[in-house]
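Asker: Mind looking over this structure? Questions follow.
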Amino acid sequence: RRRMTVAPTDAETRARLILSLRQGGVADPRVLRVLEETPRDLFVPDLFQERAWEDSALPIACGQTISQPLIVGMMTEALRVEPRHRVLEIGTGSGYQTAVLAKLVRLVYTVERYRTLLAEAEARFKQLGLLNVVTRFGDGGEGWPEQAPFDRIMVTAAAPGEPTRLLGQLKPGGVLVAPVGKGAVQSLNRYTLGSGGEVDKEHLGDVRFVPLLEGVAKEL
Ligand code: SAH
């Protein structure tokens, strides 16, 4: 089991990461502040503790990854969240992106297909006192119909095709950010739903995510 206390990372180490995120193009001061305040070490396996505040993706359990902080910053900024929003996240993983969103919005609904990852993430939300996160074990490709529609949706695994089903769970004026593509490199897309149901799609850059898989994992 993970130890329950993590020595707080010094301010200088945190500030160094935030500076590189700013240089990488993250400009929203609210997003930068939340990234500075969120203890990434808590979300990273013991083996990689020394690298927790590096700007790189790192392996987590179940063959998955915790996203690179720059990508978390870019995607969070691109989602254009507001404090009153209810947000759906697909792919809880370590829970790092979830925690970042939870500090910016009213409620985060997050779906993960590995029970192990979900249980570990839930323990972290509890430890951080994040009471506005609702978790679900399931296939995120189906979204969360019972709680739809959402103000915002973020997908943190690469969708093989256009996320049509998830777009159907967005409010008019809503925004969905997702990596889309079948290859090793995917297109990070932002979809904005107009009031008449029309969808505006923007390409934000190239990213590398683990794939969004169908169904729940049979393994732990
Ligand atoms: N946001 C995470 C990124 C985790 S990697 C973090 O910051 O750590 C992507 C995650 O999506 C993995 O945990 C993977 O298991 C999950 N995933 C993949 N396909 C999924 C699906 N269909 N439903 C739910 N989760 C899925």
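Asker: For segment 90-145, what class follows from the C-alpha gyration tensor (a ≥ b ≥ c being the square roots of its eigenvalues): rounded when a/c is under 1.5, otherwise prolate if a/b is larger than b/c, else oblate?
Answerer: On the way: a/c = 2.07, a/b = 1.27, b/c = 1.63.
Oblate shape, in that a/c is at least 1.5 and b/c is the bigger or equal ratio.
Asker: Tell me, rounded to the nearest percent, the portion of alpha carbon pairs in segment 133-220 spaced more than 16 Å apart. Spell out each step's value before the answer.
Answerer: Working: 2039 of 3828 pairs.
Everything past 16 Å amounts to 53 percent.
Asker: For segment 1-108, how big is Rg over Rh, using alpha carbon atoms and the Kirkwood form of Rh?
Answerer: Dividing the radius of gyration by the Kirkwood radius yields 0.94.
Asker: Going through segment 67-143, which trypsin sites (Lys or Arg not before Pro) have at most 16 other Cβ atoms within 10 Å and a DSSP loop state?
Answerer: Arg80, Arg84, Arg106
Asker: Using only Cα atoms, locate the centre of segment 1-71 and the centre of segment 206-220, then give the distance between them in Å, rounded to an integer.
Answerer: Their Cα centres are 22 Å away from one another.
Asker: So, one more: In the chain, what percentage of the DSSP-assigned beta bridges are antiparallel, given to the nearest 5?
Answerer: Numbers: 16 of 36 bridges.
So the antiparallel bridges in the chain amount to around 45 percent.
Asker: Mind sorting Leu193, Leu19, Leu204 by how few other Cβ atoms lie within 10 Å of their own Cβ, fewest first?
Answerer: Fewest-to-most Cβ neighbours within 10 Å comes out as Leu19, Leu204, Leu193.
Asker: Suppose the chain between Glu142 and Arg208 were pulled fully straight at 0.36 nm per residue; how much longer would it get relative to their current alpha carbon spacing? Write out the running numbers ahead of the final one.
Answerer: Working: separation 66, 0.36 × 66 = 23.76 nm, distance 2.21 nm.
Fully extending the segment from Glu142 to Arg208 adds 21.5 nm.
Asker: Shifting gears a bit: When the dipole is taken about the Cα centre of the chain, and only Lys, Arg (+1) and Asp, Glu (-1) are charged at their Cβ, what size is it in debye, to the nearest 20? Numbers along the way, then the final one.
Answerer: Values: 28 positive and 27 negative charges, 79 e Å.
Charge dipole, the chain, about its Cα centre: 380 debye, nearest 20.
Asker: Please compute the length gained on full extension between Thr116 and Lys218, using 0.36 nm multiplied by the number of residues separating them and subtracting their Cα-Cα distance.
Answerer: Residue separation times 0.36 nm, minus the Cα-Cα distance, leaves 35.6 nm.
Asker: So what is the 222 nm mean residue ellipticity for the chain from helices alone, if each DSSP H run of at least 4 adds -39500 (n - 2.57) and you divide by all residues, rounding to the nearest 500 deg cm²/dmol?
Answerer: Counting only the DSSP helices, I get -7500 deg cm²/dmol.
Asker: Quick one: what are the phi-derived ³J(HN,Hα) couplings along segment 165-175, Karplus 6.51/-1.76/1.60 with θ = phi - 60°, whole Hz, x for glycine and proline?
Answerer: 3J(HN,Hα) across segment 165-175, in whole Hz: 4, 5, 4, x, 10, 9, 6, x, x, x, 10.
Asker: Still on this structure, please answer the following. Which part of segment 174-188 falls in the paramagnetic zone of Thr164, meaning amide N under 17 Å from the point 7 Å along Cα-to-beta-carbon?
Answerer: 180-182
Asker: For segment 160-220, state which GluC sites (Glu not before Pro) are in a DSSP loop and have at most 15 other beta carbons lying within 10 Å of their beta carbon.
Answerer: Details: sites: Glu198, Glu202, Glu214, Glu219; in loops: Glu198, Glu214, Glu219.
Hits after loop and neighbour filter: Glu198, Glu214, Glu219.
Asker: Can you tell me the Rg and the Dmax, both Å, for the Cα atoms in the chain?
Answerer: Final numbers for Rg and Dmax: 16.2, 51 Å.
Asker: Quick query: amide H of Ile60 versus all other amide H atoms, modeled in the peptide plane; which residues come in under 5 Å with a sequence gap of 5 or more or a different chain?
Answerer: Thr65, Ile66
Asker: While we're on this one: Just give me a number: lysine pairs in segment 88-220, eight or more positions apart or cross-chain, with C-alpha atoms less than 28 Å apart. Walk me through the numbers on the way to the answer.
Answerer: Numbers: Lys103/Lys126; Lys103/Lys171; Lys103/Lys201; Lys126/Lys218; Lys171/Lys182; Lys171/Lys201; Lys182/Lys201; Lys182/Lys218.
So the count of such lysine pairs works out to 8.
Since every read-out is calculated from the coordinates, none of them should be taken as a lab result. Just so it is clear, the model here is predicted, and its values are computed rather than measured. Quick reminder, even Gly has a Cβ in these numbers, built from the backbone with ideal geometry, and neighbours come from all protein chains shown.
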